[in-house]
Amino acid sequence: MFFILVTATPPHFETLFPQGSVASRAQRLALVRPERSCSAWITHAEGSDLAGCPAESYLHPSESGQAAAFRFAARRQTFLLGRLAAKAAVGAYLAESDWTRLELTHGVFGQPLVNYPVSNDVEVSLSHSGGRAVALAFPRECPMAIDMETVDHDRAATVKSELQFLPEEREWIKSAAVDERAAYVLLWTVREALGKVLRCGLTCPLELLAVDQVKPVADGLWESSYRNFSQFKCLSWMRADLVVSLTLPKMTDFQACLRRG
């Protein structure tokens with residue numbers, strides 16, 4: 001197995017959601033930092049993947065009990081999708097092919113935790129929306145988080161009613177020449193990703209997570225900065241039906257690498 005560095009900028013939306021098996025979709029992100037470089041891994045799972053991936057092939061024994069306890073099929077599917085995406089990302093990070101050895105639990109703030117007998121270096125962030133899950137595995141030393149939301153009228157209306165937008169956010173919505181619904185959802189995911197990094201989720205006053213600038217990076221890719229947490233930034237991939245936002249330290253950049261072999 002080897003890697004090809006394909007770009008010095010973040011990947012395009014299509015790169016985030018490649019075709020193929022769940023394991024083969026995992027891609028490495030080379031994290032470039034002033035002090036030293038390291039890596040993260042990102043992948044996704046869709047509802048159709050569950051038919052080809054028996055739960056016993058990736059669930060830890062403790063997770064199998066959780067899955068069996070769900071009364072409603074939709075809730076069980078969401079659980080399985082999240083576990084499948086997370087196992088693929090963490091498995092790629094740790095070079096562990098037996099995903100049943102990876103156990104996901106939750107911390108006191110609901111954040112996912114990885115239990116693995118060989119290493120405690122890795123953390124994982126995951127998100128679900130619209131029958132899809134996305135997961136990011138990253139080193140503990142470099143706090144990151146990912147959030148994903150489907151763009152539709154109802155979701156945009158909910159965001160518009162729940163968020164008190166800063167003037168800077170409202171100005172961006174008006175001037176960015178993007179779909180208004182997608183713009184609302186993007187601002188929500190940017191805040192939620194920061195809440196995950198801070199391990200408070202959306203339990204704190206949402207205005208504390210507000211954005212003070214959103215600027216274009218490439219077609220469909222935006223970079224945001226935070227008013228109250230200037231040590232972080234957020235990259236958001238936006239298309240008509242979906243937004244994915246990834247928050248990371250401000251002084252960290254990453255390059256997408258394609259896996260070959």
Charged-residue dipole, Cβ positions (Lys, Arg, Asp, Glu), the chain about Cα centre, Debye nearest 20: 280
Which stretch or stretches of region 123-163 have amide N atoms under 14 Å from the point lying 7 Å from Glu180's Cα along the Cα→Cβ direction? 153-154, 156-161
Can you compute the radius of gyration and Dmax for region 148-249, using only the Cα atoms, both in Å? 12.1, 33
Among 13-20, 147-154, 240-247, 64-71, what's the highest-first ranking by average C-beta atoms within 10 angstrom per residue? 240-247, 147-154, 13-20, 64-71
Mean Kyte-Doolittle of at least -0.5 plus a Cα span of 20 Å or more along the axis: flag which DSSP H helices in the chain meet both, please. 73-94, 180-198
What order do you get for 122-133, 30-41 when each peptide is scored by the mean count of other beta carbon atoms within 10 Å, highest first? 122-133, 30-41
Across the Cα atoms of the chain, what radius of gyration and what greatest pairwise Cα-Cα distance (Dmax) are found, in Å? 17.7, 51
Between their Cα atoms, which of Lys196/Lys250; Lys174/Lys196; Lys196/Lys233; Lys174/Lys215 are more than 18 Å away from each other? Lys174/Lys196
Starting from the alpha-carbon convex hull of region 71-165, give the projected area averaged over all orientations, in nm². 8.2
Going fewest to most other Cβ atoms within 10 Å around each Cβ, Leu29, Leu84, Leu202 line up as Leu202, Leu29, Leu84
Using the basic label-point model (7 angstrom from Cα toward the beta carbon), what is the Arg36 to Ser230 distance in nanometres? 2.8
For Glu46 and Cys204, calculate 0.36 nm times their separation in residues minus their Cα-Cα distance, and state this gained length in nm to one decimal. 53.8 nm
Taking every pair of alpha-carbon atoms in region 1-129, what share in percent sits in each 10 Å bin, from 0 to the bin with the longest distance? 11, 42, 34, 11, 2
Along the charge dipole of the chain, pointing to its positive end and built from +1/-1 on Cβ of Lys, Arg, Asp and Glu, which listed residue (Tyr58, Ala183, Ile42) has its Cα farthest out? Tyr58
Would you calculate the separation in nanometres between label points at Glu103 and Phe70, each defined as 7 Å from the Cα along the Cα-to-beta-carbon direction? 2.1
Part-to-part distance (alpha-carbon centres) for region 204-231 and region 146-172, which is given in Å: 13
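Every number here is computed from the coordinates shown, using simple stated rules; none is lab data. Here the structure is a predicted model, which means the values were calculated and not measured. Counting neighbours? That spans all protein chains shown, and the Cβs are built from the backbone with ideal geometry, glycine included.
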